[in-house]
Amino acid sequence: MENKLQKIYLDLTFTSVFFDVVEKPLFRAFFGYMQTQGTGAEKRRAYAKFLSEIYLGGGSLTELVKRLVGEDENVYIKNAAKGNINDGNIQKAVESELRAFGEFAALSAKDFAEDMGLANVPAFSSERVQMSELYALRIQNLEKYGYGIFSSRGMFRLSDDKQIEPIVSADKVDMATFIGYEAERAKVVENTLAFVEGRPAANTLLCGDAGTGKSSTVKAVANEFFPRGVRLIELRKDQLSLLPYVMGKISENPLKFIIFIDDLSFNQNDDNFSMLKAALEGSASARSENSVIYATSNRRHIIKESFGERDGDDVHRNDTLQETLSLSERFGLTVLFSKPNKQLYLEIVKKLALRQKIQMDEKQLEIEAEAFALKKGSRSARCAEQFIQSLLR
């Protein structure tokens, strides 16, 4: 007579729709345990391997299974995302497989101890969940949860081998951390809200002086709208030729994507300029309905580089110059982040000092902050933060 673990094992071997899930290390370790005979050292080592996968996943078997199932990019969820009706046999297979996953996710260390005839074994966390209900909720809210790698991470990059991959140590900055530039950030937030709600949203250029928080603003907005289905994919300028490829990869995904290009600048004969121009002007080969482009740039750097094009042999250098200078005009929204004046700079310093509980006479704080900015060469939000950090050392 088959025991509890044997029944779950046999049920899982029939997995077809979620085939890639049972190919994950967690399930391979469980299968390895079930295929190991006896109750001796080999069986215990097989259990240890299974346990190590649970620990690597955070310590909860249930949460790990939920994540693996939720991230799976299978035919059923792809059809649902497209609005297509799944074949009846696929539907039945999904229901059966989710029941098996639910039973598997509820297994406890006690179940393995009984299987090996031991009083106890090293433990892990687990609980009973209705996997079918959880998955049905995900299907109903695909525009928020998505699927595949986008289901549990918020920020991604394009690797050198053209793979969209999660940024493991993604910036967790949120809107509450900022001081100053409220009006500028409000424009970006409002544009992103329109994007999320399906209203017309503009490709956006955040330009201005270094250290004013342009890049941090984009990342904070992406974090703010993550629960509403926004994901960020960062491209380097030299990867802009791959823009159509990225757009194609995400075009059928129900999520909303911010394509983020940081520190944007161009030379005269830069092919990447043409690719970005095509995307901004709506070329069918370089756009996607569920994406918007957010770019940051040092405005003075672009202008300086463009005016340099006046020297050279280009017969049409004036036309070229004007085309390059009009880059910002190709963005539907341009937000200028100017370096802070003395008043704003000191306001940022004081609020940061208060946040860090720094005890210093206000007048002395202002004097030292100004001296620090003078040493750095200019005032900026980044300079204010660096000054506060110097006081904490």
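The values are calculated or read from the model by the stated rules, or taken from the named source; none is laboratory data. Remember, it's a predicted structure, so these values are computed and weren't measured experimentally. As a convention, Cβ positions derive from the backbone with ideal geometry for all residues, glycine included, and neighbour counts pool all protein chains shown. Just so you know, the surface numbers come from the protein's heavy atoms only, side chains and all, with ligands and any DNA or RNA stripped out. Shrake-Rupley method; radii C 1.70, N 1.55, O 1.52, S 1.80 Å.
Hey, can you rank 202-210, 249-257, 125-133 by average C-beta count inside 10 Å, highest first? Walk me through the numbers before you get to the answer.
Working: 202-210: 21.9, 249-257: 19.4, 125-133: 15.2.
Top of the packing list down: 202-210, 249-257, 125-133.
Going down the list Lys256/Lys350; Lys256/Lys342; Lys219/Lys375; Lys214/Lys351; Lys24/Lys144; Lys4/Lys66, which pairs span over 31 Å between their C-alpha atoms?
Details: Lys256/Lys350 37 Å; Lys256/Lys342 39 Å; Lys219/Lys375 29 Å; Lys214/Lys351 19 Å; Lys24/Lys144 25 Å; Lys4/Lys66 21 Å.
Pairs exceeding the cut-off: Lys256/Lys350; Lys256/Lys342.
Cβ neighbours within 10 Å, averaged per peptide: list 69-75, 98-104 in order, most packed at the top.
Working: 69-75: 18.1, 98-104: 20.4.
Most protected by this proxy first, the peptides run 98-104, 69-75.
For every other residue with a beta carbon closer than 12 angstrom to the beta carbon of Ala100, add +1 if it is Lys or Arg and -1 if Asp or Glu, then tell me the sum.
Within the 12 Å Cβ shell, the charges total -2.
Roughly what % of DSSP beta bridges within the chain run antiparallel, to the nearest 5?
Around 10 percent antiparallel, to the nearest 5.
What is the extension gain from Thr177 to Asn3, computed as 0.36 nm multiplied by their sequence separation minus the C-alpha to C-alpha distance, in nm to one decimal?
Answer, rounded to one decimal: 57.2 nm.
On the accessible surface of the chain, probed at 1.4 Å, how many percent belong to carbon and sulfur atoms? The partial results should precede the final answer.
On the way: 9880 of 20570 Å².
Looking at the chain in its full context, I get 48 percent from C and S.
What accessible area per residue comes out for the chain, rounded to a whole number of Å², with a 1.4 Å probe?
I get 52 Å² per residue for the chain.
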